[in-house]
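Laboratory data are not the source of any read-out in this text; all were calculated from the coordinates shown. Given the structure is predicted, the values throughout are model-derived calculations rather than measurements. In this analysis, Cβ positions are derived from the backbone assuming ideal geometry, glycine residues included, and neighbour counts consider all displayed protein chains.
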Amino acid sequence: MSETPEKHVSKRGCLKSKRSRFLLAAVALIVIIAAVVPAVVVTSLRKKNNSMGPKAKVFVPLYVYPAPEAWSPLENVISAHPDVNFTVVINPGNGPGPNALPDANYTREIPKLTAYENVRLLGYVHTTYATRNVSSIRKDIQTYADWPTNSSNPNLAVRGIFFDETPQQYEPQTLKYLQGLTDFVKDLEGLGPNQFVSVVHNPGAVPDSRYLATADSTVVFEAAYNTFQERQGAKLFTDITDSNRTQLCAIVHSVPQEVEGKSLRSLVKEVRKVADEVYITHLSTDYYASFGNKWNEFVDLMAA
């Protein structure tokens with residue numbers, strides 16, 4: 001009879017031990033969940049709050065003369081951010097210049113840019129608000145297209161045209177003018193296969209929506225920071241007829257120096273919502289002739 005209680009006690013001790021371990025494990029699990037879940041939620045909220053919205057390309061009006069090392073600030077950020085796409089406009093001489101090829105500095109530096117897969121180079125051509133002679137414009141475009149052949153260097157090339165000074169107000173003959181130029185660009189073999197050639201228009205403001213289809217991208221804003229804030233406040237970019245942000249480009253210059261850190265982050269995020277191609281600079285004079293002191297910060301934010 002004495003063995004029975006002992007066995008009975010032994011079983012209860014084992015049961016108590018198992019229950020204790022189970023309870024301890026449950027309590028530990030609850031403590032871990034209580035500690036981890038809020039952190040996960042906070043991290044998720046932070047990620048959401050820190051989101052920069054839709055991705056966008058860095059648009060660069062590269063009117064910096066390519067003396068040795070002058071384009072290094074651009075090359076440095078391009079190589080540092082291979083996942084960021086750059087649309088770069090070059091302007092050797094109010095267009096391609098008067099000669100078959102640009103000068104030695106351009107012929108040296110352009111191939112360095114085109115070697116990057118995340119860069120699309122465009123050649124500058126002005127239209128004088130659709131009043132310039134079409135033959136002169138076509139000559140400029142053809143000059144760009146002939147660079148690879150004339151230089152015997154396939155990397156000395158542009159992959160599209162940036163048409164500056166395009167009109168805002170609608171005229172039927174102007175629509176025909178712009179569409180004819182686009183067709184000419186797309187048909188030129190020297191600019192690359194049709195599907196890789198870009199046409200960008202720059203009216204500097206929101207144009208008549210009927211012009212938008214004649215370009216791959218349109219600069220709907222090119223002005224100072226204060227003007228951007230005014231137009232954004234008036235919601236001029238929220239409902240551009242027959243468009244979406246992938247067709248739009250925005251250039252904001254003269255940003256106050258105090259707009260940095262979180263303020264600059266907010267500005268970049270705001271402009272990215274408007275357009276798929278973005279350029280922001282704190283320079284208020286000659287803002288396309290050099291890189292401002294917030295250039296790297298701007299590109300870092302575009303990469304976020």
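Structure values in brief
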item: Scope segment 74-84; condition of a type outside the set (A, V, I, L, M, F, W, C), within 13 Å of ASP300 (Cβ to Cβ) and either touching a Lys or Arg at 6+ places or on another chain (Cβ under 8 Å) or not in a loop (DSSP other than H, G, I, E, B) (or both); matching residues; result: ASN76
item: Tabulated pairs, segment 184-201, first over 18 Å from THR246 (Cβ atoms), second crowded, with 21+ Cβ neighbours inside 10 Å and aromatic (Phe, Trp, Tyr), C-beta under 8 angstrom, 6+ apart or interchain; result: GLY190/TYR144; GLY190/TRP147; LEU191/TYR144
item: Residue count for segment 224-282, restricted to those that are more than 18 Å from PRO207 (Cα to Cα), assigned to a helix (DSSP H, G or I) and of a type in the set (Ser, Thr, Tyr); result: 3
item: Enumeration of residues in segment 132-171 that are within 24 Å of THR114 (Cα to Cα) and of a type in the set (A, V, I, L, M); result: ILE137, ILE141, ALA145, LEU156, ALA157, VAL158, ILE161
item: Among the residues listed as ALA67, ALA80, ALA130, the single one being over 17 Å from the mean Cα position of the chain (by Cα), aliphatic (A, V, I, L, M) and surrounded by fewer than 13 Cβ atoms within 10 Å (Cβ to Cβ); result: ALA67
item: Subset of segment 93-118 [in contact with a strand residue (DSSP E or B) (Cβ under 8 Å, 6 or more places away or on another chain) and under 23 Å from ASN202 (Cα atoms)]; result: ASN94, GLY95, PRO96, ILE110, LEU113, THR114, ASN118
item: Residues that are in a helix (DSSP H, G or I) and farther than 14 Å from ALA130 by Cβ, drawn from segment 169-189; result: ASP183, PHE184, VAL185, LYS186, ASP187, GLU189
item: Criterion: touching a helix residue (DSSP H, G or I) at 6+ places or on another chain (Cβ under 7 Å) and in contact (Cβ under 8 Å) with a residue 12 or more places away in the chain - qualifying residue of LEU236, LEU283, LEU267, LEU212; result: LEU212
item: Restricting segment 103-132 to residues that are of a type outside the set (Val, Ile, Thr) and in a strand (DSSP E or B), the residue that is farthest from TRP147 (Cα to Cα); result: HIS126
item: Among (1) closer than 30 Å to TRP147 by Cβ; (2) among the aliphatic types (A, V, I, L, M); (3) touching a strand residue (DSSP E or B) at 6+ places or on another chain (Cβ under 9 Å) - the single one ALA224 does not satisfy; result: (1)
item: Unique match (being buried (at least 16 other Cβ atoms within 10 Å of the Cβ) and among the basic types (Lys, Arg)) among LYS269, LYS262; result: LYS269
item: Residues satisfying the stated conditions in segment 158-196, i.e. among the hydroxyl-bearing types (Ser, Thr, Tyr) and either in contact with a Pro (Cβ under 7 Å, 6 or more places away or on another chain) or buried (at least 16 other Cβ atoms within 10 Å of the Cβ) (or both); result: THR166, THR174, TYR177, THR182
item: Per-region count, segment 137-158, residues closer than 12 Å to GLY192 by Cβ and free of Cβ contacts under 8 Å to residues at least 40 places away in the same chain; result: 1
item: Selected residue (criterion: nearest to GLY204 (Cα to Cα)) from residues of segment 286-304 that are in contact (Cβ under 8 Å) with a residue 24 or more places away in the chain and small (Gly, Ala, Ser); result: ALA289
item: Options THR218, THR238: the member that is among the β-branched types (Val, Ile, Thr) and within 26 Å of ARG120 (Cα to Cα); result: THR218
item: Filter pass, PHE221 being of a type outside the set (Asp, Glu), closer than 26 Å to TYR63 by Cα and in a helix (DSSP H, G or I); result: no
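Yes/no per residue for (1) buried (at least 18 other Cβ atoms within 10 Å of the Cβ); (2) β-branched (Val, Ile, Thr); (3) under 30 Å from PRO82 (Cβ atoms); (4) touching an Asp or Glu at 6+ places or on another chain (Cβ under 9 Å):
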| site | (1), (2), (3), (4) |
| --- | --- |
| VAL119 | yes, yes, yes, no |
| GLY123 | yes, no, yes, yes |
| TYR144 | yes, no, yes, no |
| LEU156 | yes, no, yes, no |
| SER209 | no, no, no, yes |
